[in-house]
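Notes to accompany the following structure.
The values are calculated or read from the model by the stated rules, or taken from the named source; none is laboratory data. Computed from a prediction, not measured in an experiment: that's the story for all the values here. With ideal geometry, Cβ positions are generated from the backbone for all residues, glycine too; neighbour counts draw on all protein chains shown. Please note that ligands, DNA and RNA were not included when accessible areas were found on the heavy atoms of the full protein model with its side chains. Shrake-Rupley method; radii C 1.70, N 1.55, O 1.52, S 1.80 Å.
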Amino acid sequence: MRALIFAVLIGFAATGAARAQDRLTVLLEWFVNPDHAPLVVARELGLFEKAGLDVELLPPSDPSIVPRAVASGQADVGIHYQPNLYLDHAAGVPLIRFGTLVETPLNTLTVLADGPIAGIEDLKGKRIGFSVSGFEDAMLGRMLEHVGVDRKSVELINVNFALTPSLIGGQVDATIGGFRNFELTQMRQEGHEGRSFFPEEHGVPVYDELIFVTRPELVSDDRLKRFLGAVEQGAIYLTNHPDESWKLFTHAYPDLDDKLNRQAWVDTLPRFAKRPFALDRARYARFGAFMAESGLIKAAPAVDDIAVELQ
């Protein structure tokens, strides 16, 4: 009888432990890469598990589906871009930012280091390759305006995400939208040095590159607080132990253990949010004004309508 009671108690304990792990689906904005390091490190260290969470990191089949998939409940959390959050809000997609992953811009305006473009002002009359219209166009326009160059004086060419090959091959004189933690290393590995101009140093308000979003009805869900708490611990561990963290990352994703991703790991490290809960309301207001001034949205939304700081 005692053995039977003990077995029943063990069964109840196991069931309780299983139930303690609340499932949370996180839809990434792209395939897994070093930009997701705090999430992977948190998972590999068991920090999500300690927070009572069973977190699934899901690369999207199509990156464009992320905002609507999260808004419609197909995922609990999405990794998104702050600039796109304003566009989605204007389009009526119900999303709320509740945390930050990468707290600085990654976008760049890039040229060949040994080419004729020494400064942004030299782009007058030149060809500039891009991948996504809208925000990249507005960003380029502000950067050109900042140095007194008319946006209409340059030719934009859609290079369909082949930013580095189009620049190296001479199809364009510059590219807009390449990430500073990847494209420059990629160019160097192909035998060409690049020079990048940073939007935030040329008239574009500073913004968060990658943020965590959810649908409004989940904002009060306690899982989100526990999730961000584990991500914060992951980011701090990553900062304190970058080499050990790299081993955790490549153990989980051995196909990413190469020179490009190793350098991207180093270059992205200082850009991760160490306080993912924190919301810089003034930053969001300034960027909303920029989006409106650029004609991408009719009016800047109230910060409370698109972002929260979990308490």
Rounded to the nearest whole Å³, what is the per residue volume of the convex hull around the Cα atoms of region 215-311?
157
Could you pull out every residue, at least 5 positions away or on a different chain, whose amide H is within less than 5 Å of the one on ALA307? Hs are placed 1.01 Å off N in the peptide plane, and Pro or chain starts have none.
ARG97
Label model pair GLU56, GLU293: point-to-point distance (7 angstrom along the Cα→beta-carbon line) in nm is 4.4
Report P(r) for the chain: all Cα-Cα distances, bin width 20 Å, range 0 to the bin holding the largest distance, values in whole percent.
30, 54, 13, 3, 0
Dipole of region 175-285 (Lys/Arg Cβ +1, Asp/Glu Cβ -1, origin at the Cα centre): which of GLY177, LEU269, LEU279 lies farthest to the positive side?
LEU279
Report the full-extension gain for the segment ASN158 to VAL206: residue separation times 0.36 nm, less the Cα-Cα distance, to one decimal in nm.
14.8 nm
Can you check how the C-alpha radius of gyration of region 245-296 compares to 2.2 N^0.38 Å, as a plain ratio?
1.75
Once the piece of chain linking ALA302 and ASP255 is laid out straight, how much longer is it, given 0.36 nm per residue of separation minus the C-alpha distance between them?
12.7 nm
Of the accessible area of the chain, computed with a 1.4 Å probe and all protein chains kept, carbon and sulfur make up a percent value of 53
Whole-number percent relative contact order across the chain, with pairs defined as alpha carbons under 8 Å at least 6 apart
27
In debye to the nearest 20, the charge dipole size for the chain, taken about the Cα centre with +1 at each Lys and Arg Cβ and -1 at each Asp and Glu Cβ, equals 580
Over region 107-201, what is the relative contact order in percent, taking alpha-carbon pairs closer than 8 angstrom and at least six residues apart?
46
Region 107-201: antiparallel DSSP beta bridges as a percent of all, rounded to 5:
55
Which whole-number percent is the relative contact order of region 218-311 (Cα, under 8 Å, 6+ apart)?
29
Dividing the Cα convex hull volume of region 115-272 by residue count, how many Å³ per residue is that?
152
Report the dimensions of region 107-201 along its three principal axes from the alpha-carbon atoms, largest first, rounded to Å.
33, 25, 24
Looking only at lysines whose Cα falls under 24 Å of LYS298's and that sit 8 or more positions away or on another chain, we get LYS152
A 26 angstrom limit on the alpha carbon distance is what I want to check against. Which of LYS50/LYS247; LYS247/LYS274; LYS50/LYS259 exceed it?
LYS50/LYS259
For LYS126, which sequence-distant residues (separation of 5 or more, or a different chain) have an amide H within less than 5 Å of its own amide H, given hydrogens modelled in the peptide plane?
GLU155
